[in-house]
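Undergrad: What follows is a structure written as structure tokens; I'll ask about it next.
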Amino acid sequence: MFDGGTPLATALSDSTTGHTPAVPDDQPIIITIDGPAGTGKSTVARQLAKRLGLGFLDTGAMYRAATAIFLDSKFERDEIGEFVSKVMGADLHFDWSMDPPVILAWDDPYDDRIRDPDVTATVSWVATLGELRRHMVRKQRIIAAQHPRLVTEGRDQGSVAFPDAFIKFYLDAEPTVRAKRRSEQLKLDGHDVDESEMLKRIVERDRVDSTRHDGPLICPDDAIVVDTSAMDVNEVVDHLEAAVRERLAATTRADG
Ligand code: DC
């Protein structure tokens, strides 16, 4: 279990760095990791990217930054056109010299603001906006064109943003396990958390994320599904890394 293994919040600082990069330096490669909240996607994606010598794209941070802009600019929910124009003007991108990369809007760091409770409470709604999603997907493809060696993580990366990705993963876990992980993470950050309340919020967020019209959370047909309920972070990363190495080897054999 994640609970008994490496804690999510500290896993990165212990991250394995001794692995031989599996991906040749000059090979473009997009690896997608999708799945619901609390599956450890971000931590796993960051560690996998490190092991393989790739960049890491946190698309949830982009939706969170847009949400911060929505709230801080005091837009009303019917001012979608104005809101999306403002997000376009903010030119969301990442400072890749930081670990993890820091999200920037108008070249200002937004990484502190995007985890605030008001952003977390509103982001699911913001992520339902088709006009915004189309802009985000365009932006993600521009980022990938500039950084073509990426592990990208979100809800629609394999299904919409990068349907031709080299390999796609879909991480899942029991809702109760995900609620426990999220609660423990927040407790580590000094927040007071009610686990049953967290479970309700996670189930509701799953519902909103999977039923929206544009870019719903779905498991792409060609994704490798990993149920992380009974796995710790390292086990998940090992599993994904092995799958990438296997596919690379198969591709090399097919090419040769
Ligand atoms: O992974 P996260 O909790 O930081 O994601 C924040 C929100 O953004 C969550 O409600 C799902 C949404 N999201 C999305 O709709 N599509 C993505 N590619 C990434 C995140």
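Undergrad: Exactly one of (1) more than 20 Å from residue 32 (Cα to Cα); (2) at pLDDT 95 or above; (3) within 14 Å of the ligand (Cβ to nearest atom) is unmet by residue 120. Its number?
TA: Every listed condition holds for residue 120 apart from (2).
Undergrad: If you scan segment 39-73, which residues turn out to be in contact with a Pro (Cβ under 9 Å, 6 or more places away or on another chain), within 11 Å of the ligand (Cβ to nearest atom) and open to solvent by 10 Å² or more (accessible area, probe 1.4 Å)? Walk me through it before giving the result.
TA: Filtering segment 39-73 down to residues in contact with a Pro (Cβ under 9 Å, 6 or more places away or on another chain) leaves 42, 46, 51-58, 61.
Subset that is within 11 Å of the ligand (Cβ to nearest atom): 42, 57-58, 61.
Matches in segment 39-73: 42, 58.
Undergrad: Which condition from (1) more than 16 Å from the ligand (Cβ to nearest atom); (2) over 30 Å from residue 28 (Cβ atoms) is the one that residue 237 breaks?
TA: So residue 237 meets the others, but not (2).
Undergrad: Right, something else. For residues that are acidic (Asp, Glu), over 26 Å from residue 54 (Cβ atoms) and surrounded by fewer than 13 Cβ atoms within 10 Å (Cβ to Cβ), tally how many sit in segment 109-137. Talk me through it step by step, then tell me what you get.
TA: Quick first cut of segment 109-137, residues acidic (Asp, Glu) only: 111-112, 116, 118, 131.
Subset that is over 26 Å from residue 54 (Cβ atoms): 116, 118, 131.
Then drop every residue that is not surrounded by fewer than 13 Cβ atoms within 10 Å (Cβ to Cβ), which leaves 118.
Selection size over segment 109-137: 1.
Undergrad: Let me ask something else. Please go through segment 105-142 and give me each residue that is touching a Lys or Arg at 6+ places or on another chain (Cβ under 7 Å) and assigned to a helix (DSSP H, G or I), ordered by number.
TA: Answer for segment 105-142, where residues must be touching a Lys or Arg at 6+ places or on another chain (Cβ under 7 Å) and assigned to a helix (DSSP H, G or I): 114, 119, 123, 124.
Undergrad: Any idea how many residues of segment 145-188 are of a type in the set (Gly, Ala, Ser), away from the ligand (no atom under 13 Å from the Cβ) and either over 24 Å from residue 243 (Cβ atoms) or in a helix (DSSP H, G or I) (or both)?
TA: The qualifying residues number 3.
Undergrad: Please go through segment 54-93 and pick out each residue that is outside any helix (DSSP H, G or I), in contact with a strand residue (DSSP E or B) (Cβ under 6 Å, 6 or more places away or on another chain) and more than 20 Å from residue 37 (Cα to Cα).
TA: Those that are outside any helix (DSSP H, G or I), in contact with a strand residue (DSSP E or B) (Cβ under 6 Å, 6 or more places away or on another chain) and more than 20 Å from residue 37 (Cα to Cα): 54, 55, 92, 93.
Undergrad: Please specify each residue of segment 97-147 satisfying the condition of being of a type in the set (Val, Ile, Thr), over 15 Å from the mean Cα position of the chain (by Cα) and over 30 Å from residue 191 (Cα atoms).
TA: 142
Undergrad: Right, next: Based on this model, can you work out whether residue 221 counts as in a loop (DSSP other than H, G, I, E, B) and acidic (Asp, Glu)?
TA: Numbers: in a loop (DSSP other than H, G, I, E, B): yes; acidic (Asp, Glu): yes.
Answer is yes for this residue.
Undergrad: From the list 182, 247, 201, 207, which one is at negative phi, under 17 Å from the mean Cα position of the chain (by Cα) and basic (Lys, Arg)?
TA: Details: 247 fails: under 17 Å from the mean Cα position of the chain (by Cα); 201 fails: under 17 Å from the mean Cα position of the chain (by Cα); 207 fails: under 17 Å from the mean Cα position of the chain (by Cα).
Exactly one of 182, 247, 201, 207 is at negative phi, under 17 Å from the mean Cα position of the chain (by Cα) and basic (Lys, Arg), namely 182.
The values are calculated or read from the model by the stated rules, or taken from the named source; none is laboratory data. This is a predicted model, so every value here is computed, not measured. Cβ coordinates were reconstructed from backbone atoms using ideal geometry, including for glycine residues, and neighbour counts include every protein chain displayed. Ligands, DNA and RNA are excluded from the accessible area calculation, which covers all protein heavy atoms including side chains. Shrake-Rupley method; radii C 1.70, N 1.55, O 1.52, S 1.80 Å.
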